[in-house]
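Report on the structure given below.
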Amino acid sequence: MPRKHLWLVACAVVLVWWSVPPGSGQVQVSDRARRVHDNAFVFDAHVHVVNRQFYHGGDMGQRVDDGQFDLVRAKEGGLDAMFFSLFVTEQYYPARLETKQVLRLMDAAYDQLAKNKDKIEVALNASDIDRIAAAGRMAAFMDLEGGFDLDGDLAVLRDLYRLGLRSFQLPAHNWANNFADSCCAPAKWHGLNERGRAVIREANRLGMVINISHASDETMAQALDVSADPIVATHHGLRSFNNIPRTMSDELLKKLAAKGGVIGFQIGNEFHNVKVFNWRTARAGKPFWDTTAIGRKEAGMTIEEVDALAAPAFPMIGVAAPDDIRLTPYEWLAVVDRAVELVGEDHVMLGSDFDGGPTLPRGMRDVRDLPILTEAMLKRGWSEERIRKFLGGNLLRVVRQVTGKKKLEKP
Ligand SMILES: [Zn+2]
């Protein structure tokens with residue numbers, strides 16, 4: 001090759017190298033990132049579990065080649081503990097089958113946990129999490145996505161606590177319930193009513209973690225005023241990146257942090273990236289949180305008929321948005337950096353939402369690829385201490401604070 005051509009090739013190589021932002025696409029996890037990740041306690045604030053097996057059978061301890069989560073891939077991704085999130089979808093609400101569905105999912109959860117005793121164990125408090133992690137197993141902190149009871153009956157809440165439930169959402173996912181407004185349905189109470197405030201006080205007394213993801217702005221603000229304990233938003237985004245009702249304003253984030261709480265960042269694009277949000281909304285003809293079509297049909301259904309209706313959505317994975325509009329892991333972390341600028345590094349955490357439908361950052365396949373995030377955090381200049389706080393330390397602090405108090409006597 002003539003010299004001139006060699007020079008051109010060299011220029012082209014430099015240009016290509018320049019145009020690839022750090023953390024894009026094919027991320028190689030360095031030895032350092034692997035070491036930092038493996039040494040960190042990784043506690044994910046929101047993983048969708050069990051719904052898949054509830055509807056379609058199977059064992060969460062077996063590797064499957066679809067969806068974003070199973071215990072084998074979770075181990076490869078370095079996961080140590082998780083909010084073990086059971087999801088009561090909106091279809092169960094019109095016929096008031098939601099509490100029965102919670103009970104069925106909790107039964108399915110204990111069945112899956114019994115099948116996988118060597119890998120995972122239920123944790124009722126932070127000391128359990130410490131003990132289980134020290135034994136090399138994963139800790140499952142039982143959490144509910146969706147309504148435990150649309151009326152917020154305190155007796156039902158106490159019974160679910162006795163069954164091991166330790167965290168729940170105030171609103172009924174994207175649906176209006178009879179005590180707290182949701183982000184994504186018309187306001188009924190302008191936040192919380194008296195029952196909603198009683199639910200919060202009872203959760204405080206029992207030592208249950210309150211989750212305000214899916215709550216309306218008014219609900220979030222009032223819950224933060226009423227609660228004696230820190231509150232979490234398990235899987236969220238910032239409104240400054242995507243102005244939708246499901247994200248959090250700077251003002252509310254500051255209020256959450258002032259209370260000692262933590263915001264979890266959903267690992268998808270939809271909450272943080274207007275391009276993917278618009279792409280998805282245009283194709284679906286509605287935003288992802290819209291549940292207005294649910295109602296009349298479901299009101300007359302048996303629970304088995306509702307099961308058949310709900311089943312095809314599981315496992316929930318993201319949409320096939322083109323790579324060129326997806327965030328890289330490095331860009332995804334810019335959202336977390338913005339929150340750190342606003343409230344500091346003690347109030348941010350991972351709330352992946354695996355198997356709950358996130359469209360993952362470019363180059364990430366599923367829970368196996370969590371170390372890619374650590375690689376990108378190092379590239380952004382995060383200290384190892386900040387990485388440890390984000391990956392689990394901050395959430396464990398809140399769980400310790402909330403569950404460490406006197407609890408109900410064991411039955
Ligand atoms: Zn959710």
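The values are calculated or read from the model by the stated rules, or taken from the named source; none is laboratory data. No experiment lies behind these values; they were computed from the predicted model shown. Positions of Cβ are generated from backbone atoms using ideal geometry, with glycine treated the same way; all protein chains shown enter the neighbour counts.
Scanning region 290-315 for residues being surrounded by 14 or more Cβ atoms within 10 Å (Cβ to Cβ), in contact with a Lys or Arg (Cβ under 9 Å, 6 or more places away or on another chain) and not in a helix (DSSP H, G or I) gives a total of 2. Just to be sure, is residue 160 assigned to a loop (DSSP other than H, G, I, E, B) and closer than 23 Å to residue 47 by Cα? No; evaluated as a whole, the condition is false for this residue. Taking every residue in region 76-87 that is without any contact (Cβ under 8 Å) to a residue 60 or more places away in the chain and closer than 18 Å to residue 394 by Cβ and pairing it with any residue that is within 16 Å of the ligand (Cβ to nearest atom) and among the hydroxyl-bearing types (Ser, Thr, Tyr), at least 6 positions away or on another chain, the pairs with Cβ-Cβ distances below 9 Å are 82/352. All of 229, 290 fail the test of being more than 18 Å from the chain's Cα centre (by Cα), modelled with pLDDT of 95 or more and of a type in the set (Asp, Glu), apart from 229.
Can you tell me which condition residue 158 does not meet? The list is (1) in contact (Cβ under 8 Å) with a residue 12 or more places away in the chain; (2) under 22 Å from residue 365 (Cα atoms); (3) surrounded by fewer than 23 Cβ atoms within 10 Å (Cβ to Cβ), and all the others hold. It fails just one condition, (2). The residues listed here are 370, 333; of these, the one that is closer than 27 Å to residue 88 by Cα, touching a helix residue (DSSP H, G or I) at 6+ places or on another chain (Cβ under 9 Å) and surrounded by 16 or more Cβ atoms within 10 Å (Cβ to Cβ) is 370. Taking region 263-287 as the range and being under 19 Å from the mean Cα position of the chain (by Cα) and within 16 Å of the ligand (Cβ to nearest atom) as the test, the residues that pass are 263, 264, 265, 266, 267, 268, 269, 270, 271, 272, 277, 287. Inspection of region 189-199 identifies no residue that is away from the ligand (no atom under 16 Å from the Cβ), in contact with a Leu (Cβ under 9 Å, 6 or more places away or on another chain) and under 30 Å from residue 40 (Cα atoms).
In the set (1) under 28 Å from residue 293 (Cβ atoms); (2) within 16 Å of the ligand (Cβ to nearest atom), the condition left unmet by residue 99 is number (2).
Within region 211-248, the residues that satisfy the criterion of being closer than 15 Å to residue 398 by Cα and surrounded by fewer than 24 Cβ atoms within 10 Å (Cβ to Cβ) are 224, 227, 228, 229, 230.
Residue 400 meets all of the listed conditions (1) crowded, with 17+ Cβ neighbours inside 10 Å; (2) closer than 23 Å to residue 143 by Cβ but one, namely (1). Residue 357 satisfies every condition listed in (1) away from the ligand (no atom under 16 Å from the Cβ); (2) modelled with pLDDT under 95 except (1). Does residue 79 satisfy the criteria of being touching a Leu at 6+ places or on another chain (Cβ under 6 Å) and either within 15 Å of the ligand (Cβ to nearest atom) or assigned to a loop (DSSP other than H, G, I, E, B) (or both)? No: the conditions fail for residue 79. Looking at region 95-112, is at least one residue closer than 21 Å to residue 360 by Cβ and modelled with pLDDT of 95 or more? Looking through region 95-112, none of the residues is closer than 21 Å to residue 360 by Cβ and modelled with pLDDT of 95 or more. On the basis of being surrounded by 21 or more Cβ atoms within 10 Å (Cβ to Cβ), among the aromatic types (Phe, Trp, Tyr) and under 26 Å from residue 185 (Cβ atoms), does residue 55 make the cut? Spelling it out, it is not the case that residue 55 is surrounded by 21 or more Cβ atoms within 10 Å (Cβ to Cβ), among the aromatic types (Phe, Trp, Tyr) and under 26 Å from residue 185 (Cβ atoms). Residue 349 meets the conditions (1) farther than 18 Å from residue 45 by Cβ; (2) out of contact with any Pro (no Cβ under 9 Å at 6 or more places or on another chain); (3) not in a helix (DSSP H, G or I) in every case but one. The failed one is (1).
Could you please give the count of residues in region 84-134 that are assigned to a helix (DSSP H, G or I), under 16 Å from residue 173 (Cα atoms) and of a type in the set (Ser, Thr, Tyr)? Residues that pass the stated criteria total 2. Only one of the listed residues (50, 27) is at pLDDT below 95, surrounded by 21 or more Cβ atoms within 10 Å (Cβ to Cβ) and of a type in the set (A, V, I, L, M, F, W, C). That residue is 27.
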